[in-house]
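Heads up, the thing below is written out as C-alpha cells.
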Amino acid sequence: MREWATVVSWKDGIATLHSEMKTSCSSCSARKGCGSQVLNKLGPKNAHVMTIASSEPLIAGQRIELGIAEKSLLSSALLVYMTPLVGLFLVAGLFQMLFHSDLAAAAGALLGGTGGFIIAKGVSVYLGKSASFQPVILSIALPPDALRVET
C-alpha cells in the first residue's frame, strides 16, 4: 500500500509528516443510502501526523511516498475485525452452556466482544513496534523550491 505525505519538519534524522485522509465517498453513486458516508461525516476531518526516520535531509513542504507491506495491512485488519468477533462467539457460547439462558448469552456476547477489542488494542500496540508494521519511505519528490517555471 502506498500513500503520499508532506514533510512538516525534519530534525536529527526524524521527519514529521502530514498525510491527508482519503475516502471514496465522493465518487460513489450510493451516497444517500450509505452508512460509511455518515460515519465519515461524524469522524474527524483532520489529517494524520506521524514521524518516521529518514537519513536523508528533508525540507518542509517536500512530498514523500510512504509504503507499508500488504501482509502487515491484512494481518492488522484480521486482528481488528476477528478478535472481537471470536471473543463474542466464545464467551456467548460459554455463558449459554454455563447458565442456560439467552440473557446470559447476550451478556457474554457483550463481554466477549468488548474483551476482544481490548485484546486487539493490546496486541496492536505490541505489533506496532515491529519493523514490518512501520511505514518506509519509497520515494522522495523534489523540494518545493527546486523547480521554477518562467513564462
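The values are calculated or read from the model by the stated rules, or taken from the named source; none is laboratory data. It should be emphasised that the depicted structure is a prediction, and the values quoted were computed from it without experimental measurement. Backbone-built Cβ (ideal geometry, glycine too); neighbour counts: all protein chains shown.
Of note:
- Residues in region 105-130 that are under 12 Å from V80 (Cβ atoms) and not in a helix (DSSP H, G or I): 0 in all.
- Checklist (1) surrounded by 14 or more Cβ atoms within 10 Å (Cβ to Cβ); (2) not in a helix (DSSP H, G or I); (3) not aromatic (F, W, Y) applied to L138, failing item: (1)
- All conditions but one from (1) crowded, with 16+ Cβ neighbours inside 10 Å; (2) over 30 Å from L147 (Cβ atoms) apply to G93; the one that does not is (1).
- Reported count of residues in region 14-37, each being modelled with pLDDT under 90, of a type in the set (S, T, Y) and not in a helix (DSSP H, G or I), is 4.
- Some residue of region 111-129 being hydroxyl-bearing (S, T, Y) and within 19 Å of the chain's Cα centre (by Cα): yes
- Here S139 passes the criteria (1) in contact with a strand residue (DSSP E or B) (Cβ under 6 Å, 6 or more places away or on another chain); (2) of a type in the set (S, T, Y); (3) over 22 Å from T16 (Cβ atoms) except the one numbered (3).
- L73, sole failed condition from (1) in contact (Cβ under 8 Å) with a residue 60 or more places away in the chain; (2) surrounded by 16 or more Cβ atoms within 10 Å (Cβ to Cβ); (3) of a type in the set (A, V, I, L, M, F, W, C): (2)
- Condition met for V125 (surrounded by 14 or more Cβ atoms within 10 Å (Cβ to Cβ) and outside the structural domain of R63 (by TED's automatic domain parsing)): no
- Odd one out for I59 among (1) part of a helix (DSSP H, G or I); (2) in the same structural domain as G13 (by TED's automatic domain parsing): (1)
- Among (1) at pLDDT below 90; (2) loosely packed, with under 13 Cβ neighbours inside 10 Å - the single one N40 does not satisfy: (2)
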